[in-house]
Amino acid sequence: MSAQKDKPAQPPLEEDIALFYEAVKGARPVKASRLLHPVKKPKPIPKQLIKDERQVLVDSLSDHYYPAHELESGEELLYLRDGQSPIILSKLRRGHWVVQASIDLHGLIADEARMYVAEFIADCKKRNIRCVRIVHGKGLGSKNREPVLKHKLRSWLMQKDEVLAYAQAKPNDGGSGAVIVLLKA
């Protein structure tokens, strides 16, 4: 085989050329426009729009929002949006709704957690998810062994129009280290 590779290519014989022309004598040439397919340009990625939308999510949640009508009882997280029936909150506390999605904020700093929560809630709204669990932790690993994200999460959730109510999770769902949130349908 290597001997064949080393041989220079032979020009086609005259009889081969004549045979080729005989085979294609009735063929019609193909129009060039049929050969060239227009190259579809990929859709541009709206990087600035994506960046702006993320910033809006971050800016929409303040760390210093505390409405006068909080339902906090001690350290337990409880919230019911104005105009909602108290039955919703009691059903939520009893586990009436099945948790359909969950996130864990352990190990995140406040800015990361804020962004994560905002994106999570927006995603749940798009997917028509009503009941979610957000694990914020008990603060055992934080500087003063206090739940930093727990208090921030409380104010972030109250600022989201999608949130109807939230309550501290049952012990088997995370207890004081998690919250169950009911979103608008």
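Cβ crowding within 10 Å, taken as a proxy for footprinting-reagent exposure, orders PHE20, PHE120 from fewest neighbours to most as PHE20, PHE120. Of the peptides 41-51, 87-97, the ranking by mean beta-carbon count within 10 Å, highest at the top, reads 87-97, 41-51.
Only counting other Cβ atoms within 10 Å, I'd like GLU53, GLU22 sorted with the fewest neighbours first.
Arranged by neighbour count, lowest to highest, GLU53, GLU22 become GLU22, GLU53.
When LYS170, LYS40, LYS160 are arranged by Cβ crowding within 10 Å, least crowded first, meaning fewest neighbours, the order is LYS40, LYS170, LYS160. Seen from ILE50, the other residues with C-beta closer than 14 Å to its C-beta sum to a net charge of +1, counting Lys and Arg as +1 and Asp and Glu as -1. Model label sites at MET115 and ALA9, defined 7 Å from Cα along the beta-carbon direction, differ in position by 5.6 nm.
Quick note: the coordinates plus some simple rules give every number you see, no bench work behind them. Just so we're clear, the structure is a prediction, and the values are computed from it rather than from any experiment. Using ideal geometry, Cβ is built from the backbone for each residue, glycine included, and neighbour counts are taken over all protein chains shown.
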